[in-house]
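Report on the following structure.
Just so it is clear, none of the values below were taken in a lab; they were calculated from the coordinates. This one's a predicted model, so the numbers in the text were calculated from it and none came from an experiment. Note that we place each Cβ from the backbone using ideal geometry, even for glycine, and neighbour counts take in every protein chain shown.
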Amino acid sequence: MNIQTAADTVRHLLQAQNEAGHQPLAQNAIVYAPANIALCKYWGKRNLPLNLPQTSSLSISLAGHGTHARISIAEGAHALSINEVEIPADDPAAKRMFAFLDLFRACTGTYFTLKTISTVPVGAGLASSASAFASVVQALDTLFGWGLDFPAQSILARLGSGSASRSIDHGFLEWDRGQRDDGLDSYASYLPVEWPDFRIALVPISDQAKPIGSRDAMNRTVAESQLYQAWPNQVTRDLDLIRDAIEAKDILALGQAAECNAMAMHATMLASRPAILYWLPESVAALHRVWQLRADGIQVFATMDAGPNVKLIFEAKQQNAVEDAFDSIDVIDPFGYIEPDIGPLDDG
Ligand code: 2P0
């Protein structure tokens, strides 16, 4: 099968499903998927319809910060509620999600009612789309009993949003860019490392709307930034450093490589025409505070995504010092999370 579109991809991955795979096993399915933060960033696509990245990337999932999703069959039209608020069909978030659900409707012949509850804190600079798309794929897999493996789940989530490919599991995940034109080898895999002392913290800077969304920003960077040509080499180097540092549980090596990778990504944006700069003065102040802490002997490192907020990387033994230096940060223990038996969307 010649795969050129997202619809082709879904058809291919679900083709093994016979008629029984188009019948729901239950009234609804309820799942949870975590958000994630990239330590080695995804920035730029090589194929827009299939949402294939220029480079590989590597992330840490954010434990209890993510999306609870409940999906069921609907009559006549899709319906979406987010945090118990019905989203009108002409809302951009609904349009994007309904287009994604339509990819599956082409196979199942059914519309869906989707209810999501996001536990991603508002204003912390975390995209909830990654966990949302990943949770929808896992909810559909559960509803229809497809038994999709992790690569297939990751590929399907990728079609909704690139970073969603990395939200299919807890812990460290590496999204391999893949080599194939059809994207069937472009998916995320779990790195088998537990690092109980690893911490990531969210420093809220601003929850104002961004000047440009990440999708448009990365497309402009690829098209317009001369510095983007250096990005694949940067990622090749940083990925090896970060993977090795995770395996060795070496926070210094990890933090240095992750911080450098984030700064380099923002440098490629800054060299776009017109320039893209997500940073606010408070972002720069937070970075200076991180560097001052390091000068004082505290091993803490920064990363930033497509927004002004700063995220901190450190180990448990530095948590008190980091909390003393930053007001109202949200510290996440990625390996200390136990999913509750009953989530907010369960009937009881
Ligand atoms: C990342 N970001 O690796 C990078 C770092 C933002 C900065 O993935 O167009 O929402 O849906 O594939 O995944 C944000 O971009 O973009 C992102 P699409 P996505 O986390």
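For a test of the definition: using alpha carbon positions, the gyration tensor, and the 1.5 limit on a/c, classify the chain as rounded, prolate or oblate. Present the calculation step by step, with values, prior to reporting the outcome.
Details: a/c = 1.73, a/b = 1.47, b/c = 1.18.
Prolate shape, in that a/c is at least 1.5 and a/b is the bigger ratio.
List, in order, the whole-Hz ³J(HN,Hα) value for each residue of the range 210-227 obtained from phi through the Karplus relation with A = 6.51, B = -1.76, C = 1.60 and θ = phi - 60°; use x for Gly and Pro.
These are the phi-based 3J(HN,Hα) values: 6, x, 8, x, 5, 5, 5, 5, 6, 5, 5, 4, 4, 6, 10, 9, 5, 5 Hz.
Using alpha-carbon positions, what is the distance between the centroids of the range 81-103 and the range 281-330, in Å?
Result: 35 Å between the Cα centres.
Viscosity 1.306 mPa s, temperature 10 °C: what is the translational diffusion coefficient of the range 223-348 from Stokes-Einstein with a Kirkwood Rh over Cα pairs, rounded to a whole number of µm²/s?
96 µm²/s
Going through the cross-link list K115/K317; K210/K249; K95/K249; K45/K95; K210/K317; K115/K210, which pairs have a Cα-Cα distance over 30 Å in this structure?
Over 30 Å Cα-Cα: K115/K317; K210/K249; K95/K249; K210/K317.
Classify the range 163-292: rounded, prolate or oblate, from the alpha-carbon gyration tensor (a ≥ b ≥ c, eigenvalue square roots; a/c under 1.5 rounded; otherwise prolate if a/b is larger than b/c)?
It comes out oblate by the Cα gyration axes.
Beyond 18 Å, how much of the Cα-Cα pair distribution for the range 1-150 remains, as a whole percent?
Working: 6826 of 11175 pairs.
Cα-Cα pairs in the range 1-150 separated by more than 18 Å: 61 percent.
If you average the C-alpha positions of the range 14-69 and of the range 332-348 separately, how far apart do those two centres end up, in angstrom?
Spelled out, the Cα-based centre of one part sits 19 Å from the other.
Can you find, among L241, A134, G183, the residue sitting farthest towards the positive end of the charge dipole of the chain, where Lys and Arg contribute +1 and Asp and Glu -1 at Cβ?
Positive-most Cα among the choices belongs to G183.
By how many nm would the segment from D324 to A275 grow when fully extended, if each residue of separation counts as 0.36 nm and the alpha-carbon distance is taken off? Intermediate values should be presented prior to the final figure.
Values: separation 49, 0.36 × 49 = 17.64 nm, distance 3.48 nm.
Length gained between D324 and A275: 14.2 nm.
Please say if the range 67-213 is rounded, prolate or oblate, where rounded means a/c under 1.5 for a ≥ b ≥ c the square roots of the C-alpha gyration tensor eigenvalues, and otherwise the choice is prolate for a/b larger than b/c and oblate otherwise?
On the way: a/c = 1.69, a/b = 1.12, b/c = 1.51.
Oblate, since a/c reaches 1.5 and b/c is not below a/b.
Given the chain, what percent of its DSSP beta bridges are antiparallel, to the nearest 5? Kindly include the intermediate steps, with their values, before the conclusion.
Working: 43 of 47 bridges.
Percent antiparallel among DSSP bridges in the chain is about 90.
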